[in-house]
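Student: This is the structure I have questions about; it appears just below.
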Amino acid sequence: MDRRAPSTPAAWLGLAGGCFVLTVVVYFRYGFVAGFLPLLGGVYASRRWLLGRTVAASRAHGGNETGLLARYDVDTDREYTADEQATMLREIRADYRGKHRLWAGLAAGCLAVAAAAAVVSVVLAGCTAVVAGYCGLRWYRVRRALGVLDGRLETLEATSSTPEGSEPDL
C-alpha cells in the first residue's frame, strides 16, 4: 500500500472537494470549532491542486521567459514594425482577457459563497438570539411569579395562628 500523498491535480481536487463537503457536515453537526480542521484540509488540498495546475501550465508554455517568445514566434534578433507589434499584443491581450474573465468569475463565486455563509451565520445568530430572548423573558416571568408566591407565603406564615402540627384551613 502506497502511503504517499496524491500527486495528480485530479486527486488533490477530489480530496479538496471531499474536505469541503465534510466541513459543511461537521459544521452543522458539531459547530465551527470541530469543522475547522476539515476546512484547513480542504484549503491545503485546493492549494496543492492549484500548484499542480500551475506547474502543468508552466511546462506546457515552456516554463521560462523563452516559452512566451516561442509561443508567439518572437525573434529577438529582428525589429518588428508597429503593425506586427500591435498584432502580437492583440493576441496576448486576448489571452489575458480570458484570464480576466476567469478570475472575475472565481471572485464572484467566492463572494457568493461568502455571502451565503454570512447569511447562514447571521440567520443562525439571529435565531439563537431570539431563543435566548424568549428564555430570558420566561426566566423573568418565573422569577416574578416566585417572588409573588414567596411574598404570599411569608404573609400567610406571619398571620398564621394555627399551632404547630395542625394544618390551616384553605
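The values are calculated or read from the model by the stated rules, or taken from the named source; none is laboratory data. What you see is a predicted model, and the numbers here were worked out from it, not measured in a lab. Neighbour counts are summed over all protein chains in view; Cβ atoms, including those assigned to glycine, are modelled from backbone coordinates with ideal geometry.
Student: Restricting attention to the range 89-145, report how many residues are more than 29 Å from Y72 (Cα to Cα) and more than 18 Å from the chain's Cα centre (by Cα).
Tutor: Matching residues across the range 89-145 total 20.
Student: Quick one: which of T128, T87 is surrounded by 11 or more Cβ atoms within 10 Å (Cβ to Cβ), modelled with pLDDT of 80 or more and either touching a helix residue (DSSP H, G or I) at 6+ places or on another chain (Cβ under 9 Å) or part of a helix (DSSP H, G or I) (or both)?
Tutor: So the residue among T128, T87 that is surrounded by 11 or more Cβ atoms within 10 Å (Cβ to Cβ), modelled with pLDDT of 80 or more and either touching a helix residue (DSSP H, G or I) at 6+ places or on another chain (Cβ under 9 Å) or part of a helix (DSSP H, G or I) (or both) is T87.
Student: In the list G62, G67, which residue meets the criterion of being within 30 Å of E91 (Cα to Cα), modelled with pLDDT under 75 and not in a helix (DSSP H, G or I)?
Tutor: Matching residue, one of G62, G67: G62.
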